[in-house]
Structure formats: structure tokens, C-alpha cells
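Everything on this sheet refers to the single structure shown next.
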Amino acid sequence: GAVVSQHPSRVICKSGTSVKIECRSLDFQATTMFWYRQFPKQSLMLMATSNEGSKATYEQGVEKDKFLINHASLTLSTLTVTSAHPEDSSFYICSARDLRGNYGYTFGSGTRLTVV
Amino acid sequence: DAKTTQPTSMDCAEGRAANLPCNHSTISGNEYVYWYRQIHSQGPQYIIHGLKNNETNEMASLIITEDRKSSTLILPHATLRDTAVYYCIVRAGNAGNMLTFGGGTRLMVKP
């Protein structure tokens, strides 16, 4: 089945610094990828839709200048959390759909971000 | 996409069948029922999906009522590793749309 690789799995950074999270589709091409955020004991909340070769679409309340998304190729999307603050600490998850088959959406393993 | 309603939590004895219900009374004709699960601190894992017929794969069975207003995910022989949050999601079949997650059901499989 389709595989989505997300890196890093865990990162700790200082307040004010930026963190980049990578999401790769390993065996398929993904024109669209999705970025979710999940706070403890809560469900996944969609942050933005990443489109290859064009600007990302952000959900209401998500600051596009703070969460920079780049989808420069059909297999790679990146999310950069800029000027991170402790309230940005969360579990970030990417997802993509392999249009070849019937597997639905495939998710990365997630990135646990802790801002200190 | 249609809204779904699931119980907040359920327990199941190890080795027994786990039956997880989902109500989606506002589902429309072109919407599929998807089931995912999320084990603690991991990304969601695809389980199964269906439109109107019952479906079975190596992980689970999906039973959809004739009026399609509800469905049940069945794990035939639950193991401790099946402890997770199970999400029932309804969405249209066209490509490109994201998945919208509700609260899900927290399944606890007990020895």
C-alpha cells in the first residue's frame, strides 16, 4: 500500500526559532497533501491543504505567515512553523491520497513538536 | 461532508469481537463511509471503507445498513494492540477532498 514518510518524529525547539517538518510520499505521487494538528486528548484538526506547484489553502484561523507550506514536488510537502511559541506545541500530521488504488488516505507517523 | 456520531468510548475483552457503531443519518448518495484508527502518538491508519455494500478485509468488516444511515465496524477477534481511537468519516468519493475527523471512539481492549 501507499506509504507517507514524515520527518522528524519528534523535535524540541526554543521559543522564537523555526522548525521544518517534511512529508514525503514514498511510492506514489501526491498533487495534494494535507496538514493536521492534534492537541492532547483532541481530534485531528485540518490546518491546510498543500497543492503541488501552487499556494496552500489554509483553514480559518490558521495563520499562513506562521505556518509556511511548500509543495515543490509531487512527492514532498514541507510545513515550517516560524517563530515558534509554547502554544504551538502539538502533534503535527500530514496526509496524502494515492489516486492509483483504493487505500483511501495515507497518513504520516506524525511529528511531536515541543517548544520550550 | 455528512456529520457522524460515535460513542465516546467502548471496552472489549481480548479475543472477542469489537463492534463499533457510527451514525451518519445525513449521508448523501455519493458519500463513502471510511474508518480509520489512531494508536497513541501515531498517525491515523486506514482500516476500511464502503459505499453501500458490506465490506471485509484482513483487518475488519464494515456493515452498512440498507438506508445507509448507520454502519458498524467489526474487529472479529480484538487484541490488546487494537486499543486505539477509531474514527468514522463520511465523505464524497471525488478526489482532492480532505478528511474531517470527529471525536471518534476510544476502544479499550482488556485482557
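Summary table
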{"item": "Per residue Cα convex hull volume in Å³ - calculated over the protein assembly as shown", "result": "119 Å³"}
{"item": "Rounded accessible area of B:His49 (nearest 10 Å², 1.4 Å probe)", "result": "20 Å²"}
{"item": "Count, lysine Cα pairs under 16 Å in chain A, 8 or more residues apart or across chains", "result": "5"}
{"item": "Kirkwood hydrodynamic radius of chain B, from inverse mean 1/r over distinct Cα pairs, in Å", "result": "14.0 Å"}
{"item": "Distance cut-off 15 Å, percentage of C-alpha pairs in the range B:19-64 lying past it", "result": "48 percent"}
{"item": "Accessible area buried, both sides summed, chains A and B with 1.4 Å probe, Å²", "result": "1500 Å²"}
{"item": "Size descriptor, Kirkwood hydrodynamic radius, that averages inverse alpha-carbon separations across chain A, Å", "result": "14.1 Å"}
{"item": "All lysines inside 20 Å of B:Lys52 as judged from Cα atoms, apart from same-chain residues fewer than 8 positions distant", "result": "B:Lys3, B:Lys69"}
{"item": "Dipole axis of the protein assembly as shown (+1 Lys, Arg; -1 Asp, Glu on Cβ), positive-most option in A:Gly108, A:Ser90, A:Ile69", "result": "A:Ser90"}
{"item": "Dipole magnitude (debye, nearest 20) for chain B, charges at Cβ of Lys, Arg, Asp, Glu", "result": "180 debye"}
{"item": "P(r) weight above 11 Å for the range B:72-111, C-alpha pairs, percent", "result": "71 percent"}
{"item": "Assigned charges on the beta-carbon of Lys, Arg, Asp, Glu; the range A:1-81 dipole about Cα centre (debye)", "result": "320 debye"}
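The values are calculated or read from the model by the stated rules, or taken from the named source; none is laboratory data. These numbers come from a predicted model, not from an experiment. Neighbour counts are summed over all protein chains in view; Cβ atoms, including those assigned to glycine, are modelled from backbone coordinates with ideal geometry. Ligands, DNA and RNA are stripped out before the accessible areas are found, and what is left, the full protein with its side chains, is counted by its heavy atoms. Shrake-Rupley method; radii C 1.70, N 1.55, O 1.52, S 1.80 Å.
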